[in-house]
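Below: the structure, in structure tokens.
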Amino acid sequence: MSETVFHPACAPIGRPEDGCGGVFEFKTSEGPCARCARLEKFDAEGVPSNDPDREAFEAYIQCHGCGVALKRLAIDLCGNCHKLRKDDVAEANDRSRADRAAIVAQQTKQAERMEARRIAAQAQQRPFIAPTPPGMPLGTISPNLMTTPGFQQSRAAMYGPSHDEIDIRFGAVFGKSKSIDSRVGIVMLTCKVDESMTDIKARALARVNDSILTRYQVTVAVEQSDLRFPGGIQLDDGTRNLACLAFYNYYTAPARKAHYMSKQLSRAAGSRSGKAGNIPGRLIELELWLDWDWVEDGNPHLATKKKRVRVNSIVDENSSKRLRGSTSTGSPSLLASSQFAGLSSLGGAAAGDEQWDKISYVTAEVSINGDNGIVDVVWPTCAEILEDPKLIYVGKICRTELASGSSKVVFKGNLEGMPYALKKIVYLGKDVEVTRKSALSALTHEVIALTQGQWFTEQFRLRAEANDVVIYKHFDFTKAVLLREVTKRTEDGDEVIKLGSVWIAEPRRAVTFTKYSGTITHPRPSLLTMVHKTIYAFAHYIFDASKQQMVYTDLQGESIAPSEQTLDSRTAYQLGTEAMLDTGKDGIILFDPMVQTLDENPTGVGNWGREGIEKWAEAHKDQCGDICAALGLSSISEWDASTTGTDREDDDDD
């Protein structure tokens, strides 16, 4: 029986630009994928786009394995492709038995040759040098030697890789560092093809924790770590829990290998680093990223070691160098400005140590009308604050910047005993002065966008369920709260309340996230997953639900697991910031969206007005796909975008 030949690329012969650009590993015929071929047939027969049969076909879900579109496909893989992937694992196991037998036979022959040499040497009364350490039988290899990278290379060169095992090399990366911490180094694991990447990550972390426990007297929890490819390249959504072989096949596919596996682990200064792709056999190199800031929050004693753990520092307090991307270089320190009026003194600690200050604050009550999505934001009045001291909360804020973007700076905060990211407006565009009033307006628009986003998300799910449309359901917007600093003073014998700076607080998240769209530019990803398709359709849904008056852009999200989704209920009640999904499953938390509106005078950070919607609409013409059609969303190509866009200063992504 002849072996099946696969032609994965969707590329019509002679007209590759007419294909969808997809790569289907089990596609058996040259030319376009089955879906594109059917659409070409509709075009050739002159079938209009509004034909019921054509519309029904375009709503079918496409198999990511072979490219066939099926009416009742519930997931992205048809049954045949699912079986092929299972057969790959079974075939690998069968091949490995023969390979192992061949290796044993070769080792036996090698041992016989060495024994013959030993006998010959004794006969000639010449000293014989044992090929292995004393006490070890011939034909065996030192256990210590087997774990070295050099042996892994030589083994692969001599015998080829074992088909039921894959080697994975992990390098521990702390916080914002871009290189491996030399004190922890590299961990090498040999993994079974059916072992899940979740279990493999836990094994690697356990090895790394041995070194961390010895040096820092702490350990890193699984939820405080993540896997990345060298260079900080994020994993695709949905691949963190794959079996090892499926993970390997996914990322070594020709369409992805050049992007994900183009770099080797970045060693510390003075260590050797070769070019990627030199190591034979089945081997993957991954970064084991550790959220060291999170670890430090629960271990105050680590702050005294900050200077020695340089990889954990963001900015050296004795240097003028700022975090890349900051737009306020050269300006006075934000921490010395009036934003800390009423807080404790900032002096008294040595440079290099984190210093935290108390902050007294009140929160805004944010509510939404479940029928129409209108958000209402109400602050307590000064009189109400005086009458009810329970409205005032006390938290802590770290005086060192955690990060900065084009419009906001971020600081670590601790509110009601829980870690949060506190964001403050520092830039609102050219010739726009940042005052407490303008900052309050900008942050109010941001919390409204997040709250409305949650409402839109629920409506989007309901519409998909009503139309039997398969979408990625497990995503939502982060919940946030508006804070305002308050101080009590006595003036003319009367106690008064003074209102200070405004902040937006969100649960502190990892720095690893996936970006699905930009503010004004919307590049298409190299791999279009179900998550991408759903997020694109979600933005289109908001556009329609708002009667084409607004659209959400700059959509980005962090992948979370159930163990990371539970916060203290009292804190959640008071702040409304629980970073969890209602589904209680793995999912994506979206944050920092930009909202484009058709208002004549658009407000809010990053709101480009009509031009912003035009840019989104132009990009979405190529992104509008099966889900949009199945939900019955409007035709973007028919939207009137003839009016000139609003000229605004570029407020790029935070």
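Within region 527-579, the only residue that satisfies the criterion of being of a type in the set (D, E), modelled with pLDDT of 50 or more and over 15 Å from the mean Cα position of the chain (by Cα) is D544. A single member of K479, K437 is crowded, with 19+ Cβ neighbours inside 10 Å and within 30 Å of K358 (Cβ to Cβ), and it is K479.
Please find, among L402, L422, the residue that is in a strand (DSSP E or B), of a type outside the set (S, T, N, Q) and more than 17 Å from R484 (Cα to Cα). Even if it seems obvious, please write down each step before you answer.
On the way: L422 fails: more than 17 Å from R484 (Cα to Cα).
Matching residue, one of L402, L422: L402.
Of everything listed in (1) farther than 21 Å from K437 by Cα; (2) out of contact with any Phe, Trp or Tyr (no Cβ under 8 Å at 6 or more places or on another chain); (3) surrounded by 20 or more Cβ atoms within 10 Å (Cβ to Cβ); (4) β-branched (V, I, T), the single unmet condition for I397 is (2). Among the numbered conditions (1) buried (at least 19 other Cβ atoms within 10 Å of the Cβ); (2) at pLDDT 85 or above, the only one that L265 does not meet is (2).
Close contacts from region 236-261, counting a first residue that is assigned by TED's automatic domain parsing to the domain that holds D164 and more than 21 Å from G21 (Cα to Cα) and a second that is modelled with pLDDT under 85 and aliphatic (A, V, I, L, M), with Cβ to Cβ under 6 Å and a gap of 6+ residues or different chains, come to L245/V89. For beta carbons closer than 9 Å, sequence separation of 6+ or different chains, a first residue in region 281-294 that is in a helix (DSSP H, G or I) and a second that is of a type in the set (K, R), the qualifying pairs are W292/K176; D293/K176; D293/K412; D293/R508; W294/R508. Every residue in region 371-394 that is without any contact (Cβ under 8 Å) to a residue 40 or more places away in the chain and buried (at least 18 other Cβ atoms within 10 Å of the Cβ), please. Listed by number, the list holds a single entry, P380.
Quick one: in region 23-56, of everything that is part of a loop (DSSP other than H, G, I, E, B) and under 16 Å from C78 (Cβ atoms), which residue is farthest from the chain's Cα centre (by Cα)?
Of everything passing the filter in region 23-56, S29 is farthest from the chain's Cα centre (by Cα).
Go through the residues of region 362-370 one by one and say whether even a single one is part of a strand (DSSP E or B), crowded, with 19+ Cβ neighbours inside 10 Å and over 31 Å from the mean Cα position of the chain (by Cα). Within region 362-370 (the criterion being part of a strand (DSSP E or B), crowded, with 19+ Cβ neighbours inside 10 Å and over 31 Å from the mean Cα position of the chain (by Cα)), the answer is yes, since at least one residue qualifies. Here E495 meets the list (1) surrounded by 20 or more Cβ atoms within 10 Å (Cβ to Cβ); (2) more than 17 Å from G606 (Cβ to Cβ) almost entirely, failing just condition (1).
Take I180 and decide whether it is at pLDDT 70 or above and assigned to a strand (DSSP E or B). Give the steps one after another, and end with the answer.
Numbers: at pLDDT 70 or above: yes; assigned to a strand (DSSP E or B): no.
Spelling it out, it is not the case that I180 is at pLDDT 70 or above and assigned to a strand (DSSP E or B).
Taken over region 213-262, the criterion of being charged (D, E, K, R) and at pLDDT below 80 is satisfied by R215, E223, D237.
The values are calculated or read from the model by the stated rules, or taken from the named source; none is laboratory data. It should be emphasised that the depicted structure is a prediction, and the values quoted were computed from it without experimental measurement. So basically every Cβ, Gly included, is an ideal-geometry build from the backbone, and we count neighbours across all protein chains shown.
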